[in-house]
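The values are calculated or read from the model by the stated rules, or taken from the named source; none is laboratory data. Keep in mind that what you see is a predicted model, and the values were worked out from it rather than measured. Reconstructed Cβ throughout: ideal geometry from the backbone, glycine too, with neighbour counts over all protein chains shown.
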């Protein structure tokens with residue numbers, strides 16, 4: 001083994017004063033040597049002292065110091081050792097800017113600063129870049145999408161209940177209790193209430209109305225009700241949308257995402273926004289994208305029910321080495337070839353292999369529609385639903401199902417993040433037989449494939465449908481069906497009917513009238529092997545990943561009444577419901 005170039009000095013709780021006088025505290029890992037070094041910063045609400053548990057998908061600070069970097073791990077405002085009050089996203093622009101400029105002026109800093117981190121640690125990077133701190137030269141965001149609304153707390157206008165309640169109650173609220181206890185407050189009764197709530201979290205998802213009901217959060221997470229109070233994608237959310245601020249971003253970014261991550265669609269969206277809109281040529285050309293078969297904060301060789309091989313893990317890629325090579329280029333000025341390498345690295349499921357690409361979506365994509373067919377009998381896998389490139393006939397009859405929000409379709413895998421079971425078991429590809437046996441799930445399946453079919457890129461379902469309600473939801477999944485009948489989800493999505501014309505403003509329905517809906521299934525990369533079948537599921541719920549639509553037309557977060565609805569899906573020559581797949585030609 002090579003002898004490290006530098007030994008490590010660790011300084012704990014180093015203060016940094018923000019512009020409003022609030023002091024944030026960081027642990028500083030630096031070389032035990034004279035001189036000045038480039039600085040790498042991560043900012044986390046999850047306790048800087050627990051940073052090592054994130055190293056499986058992030059940067060090892062000891063290795064970075066050995067290679068001649070200073071590493072700063074800071075508690076964000078209002079979390080653990082840092083002063084102030086925490087409110088997700090709110091202060092990360094100004095605090096990120098101030099932290100970068102503070103770090104650049106430290107006596108052991110040479111003024112070249114980079115940022116790294118996963119999940120919320122990636123949010124803090126993008127928020128800082130929007131403020132354009134002069135000394136920030138490059139970032140490495142892992143598992144983070146385009147802001148706080150789409151893909152984070154809402155999707156297609158539906159509230160991501162599973163993530164939001166889990167994040168607020170299980171991840172964030174306990175840290176706030178620890179802070180209050182450290183400050184001398186009596187929090188015994190609050191600890192008991194929160195523990196009881198967490199222990200019974202599956203039942204907490206069922207409580208109605210959503211807003212104001214989860215009293216165990218009290219004032220520990222006031223932002224939870226704020227999220228519910230802003231179901232429209234308006235001004236409250238717009239300030240945190242990264243792609244909106246692309247022209248203000250002047251730094252190269254290596255973005256990492258996962259096919260089963262919450263941000264499977266929005267990580268590529270940010271990557272795609274930069275080449276045409278970033279602030280200068282270096283930022284426009286200095287964008288990289290890595291996407292593996294991962295769920296949020298999970299990069300094991302097996303995700304969900306499928307095994308993708310050792311090469312699929314971030315450990316196999318040596319994520320720390322990827323970080324250091326990236327920052328060696330942009331902070332140390334090393335000509336290590338990164339600037340000339342392909343800009344995209346994708347894991348192709350099915351082949352279970354990595355492949356380099358140059359643009360997103362891939363230029364050679366053949367956008368192909370697969371249309372829904374049936375004789376009004378697509379209910380469940382036992383029905384007669386078919387999927388085919390052939391257009392439906394003019395007289396093909398619709399499929400009808402009964403959506404009862406008292407008995408929603410349960411979440412089974414996908415880009416979910418919820419308590420009750422581990423993230424690895426709850427997210428990713430899960431066998432779908434339990435879901436596909438339900439009468440309120442329409443199932444459309446191709447014949448067995450005669451050759452391998454690769455699907456890599458964004459996926460959408462275009463649905464022509466009517467409901468007896470004034471508002472409802474439509475969900476869809478793309479599924480890979482194995483020759484023995486096992487079926488595994490690859491991508492999914494939802495559209496809240498009132499947001500069919502855009503999530504910025506809801507518009508109720510005329511009951512019984514057919515409307516066109518576009519369901520965004522985010523992205524995937526999968527080879528459907530010869531003998532496999534391609535399947536699409538259509539329903540009206542995916543709970544508790546998404547909140548239930550009560551079908552009343554009233555404000556969902558304040559609604560306690562649940563009404564059944566009759567759902568009709570059309571597939572004829574005038575209303576050809578279909579999925580659009582990005583087919584990649586194979587030699």
Inspect the stretch 250-264 for any residue being touching a helix residue (DSSP H, G or I) at 6+ places or on another chain (Cβ under 6 Å) and closer than 26 Å to residue 460 by Cβ and give the result as yes or no.
yes
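Yes/no matrix, rows are residues, columns are (1) under 20 Å from the mean Cα position of the chain (by Cα); (2) closer than 16 Å to residue 87 by Cβ; (3) outside any loop (DSSP other than H, G, I, E, B):
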| position | (1), (2), (3) |
| --- | --- |
| 148 | yes, yes, no |
| 173 | no, yes, yes |
| 185 | no, no, no |
| 197 | no, no, yes |
| 225 | no, yes, yes |
| 236 | yes, yes, yes |
| 251 | no, no, no |
Residue 303 fails exactly one of (1) surrounded by fewer than 18 Cβ atoms within 10 Å (Cβ to Cβ); (2) at pLDDT below 95; (3) under 23 Å from residue 162 (Cβ atoms), namely (1)
From the list 489, 549, which residue is under 24 Å from residue 261 (Cα atoms) and part of a loop (DSSP other than H, G, I, E, B)?
549
Return yes or no: is residue 73 touching a helix residue (DSSP H, G or I) at 6+ places or on another chain (Cβ under 6 Å), in contact (Cβ under 8 Å) with a residue 24 or more places away in the chain, closer than 26 Å to residue 163 by Cα and assigned to a strand (DSSP E or B)?
yes
Please find, among 497, 466, the residue that is buried (at least 24 other Cβ atoms within 10 Å of the Cβ) and farther than 23 Å from residue 268 by Cα.
497
Being crowded, with 21+ Cβ neighbours inside 10 Å, at pLDDT 90 or above and assigned to a helix (DSSP H, G or I) narrows it down to one of 115, 127, so name that one.
127
Selected residue (criterion: surrounded by the most Cβ atoms within 10 Å (Cβ to Cβ)) from residues of the stretch 199-212 that are at pLDDT 80 or above and either part of a loop (DSSP other than H, G, I, E, B) or on the phi > 0 side of the Ramachandran plot (or both):
210
Every residue from the stretch 292-315 that is over 18 Å from residue 350 (Cβ atoms) and out of contact with any strand residue (DSSP E or B) (no Cβ under 9 Å at 6 or more places or on another chain)
315
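Sort out which residues of the stretch 86-106 are over 23 Å from the mean Cα position of the chain (by Cα) and free of Cβ contacts under 8 Å to residues at least 12 places away in the same chain, and write them in order of number. Step through it out loud before you land on a result.
In the first step, residues of the stretch 86-106 are kept if they are over 23 Å from the mean Cα position of the chain (by Cα); the result is 94-95, 97-106.
Of everything in the stretch 86-106, just one residue is over 23 Å from the mean Cα position of the chain (by Cα) and free of Cβ contacts under 8 Å to residues at least 12 places away in the same chain, namely 105.
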Just give me the residues in the stretch 343-361 being in a loop (DSSP other than H, G, I, E, B) and under 17 Å from residue 292 (Cβ atoms), in sequence order.
343, 350, 351, 352, 360
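Would you be able to say whether some residue in the stretch 86-93 is buried (at least 22 other Cβ atoms within 10 Å of the Cβ), at pLDDT 95 or above, in contact with a strand residue (DSSP E or B) (Cβ under 9 Å, 6 or more places away or on another chain) and under 21 Å from residue 167 (Cα atoms)? First the steps, then the outcome.
So in the stretch 86-93, the residues buried (at least 22 other Cβ atoms within 10 Å of the Cβ) come out as 88, 91-92.
From what is left, the residues that are at pLDDT 95 or above are 88, 91-92.
Now drop any that are not in contact with a strand residue (DSSP E or B) (Cβ under 9 Å, 6 or more places away or on another chain), which leaves 92.
Restricting the remaining residues to those that are under 21 Å from residue 167 (Cα atoms) gives 92.
Taking every residue of the stretch 86-93 in turn, at least one turns out to be buried (at least 22 other Cβ atoms within 10 Å of the Cβ), at pLDDT 95 or above, in contact with a strand residue (DSSP E or B) (Cβ under 9 Å, 6 or more places away or on another chain) and under 21 Å from residue 167 (Cα atoms).
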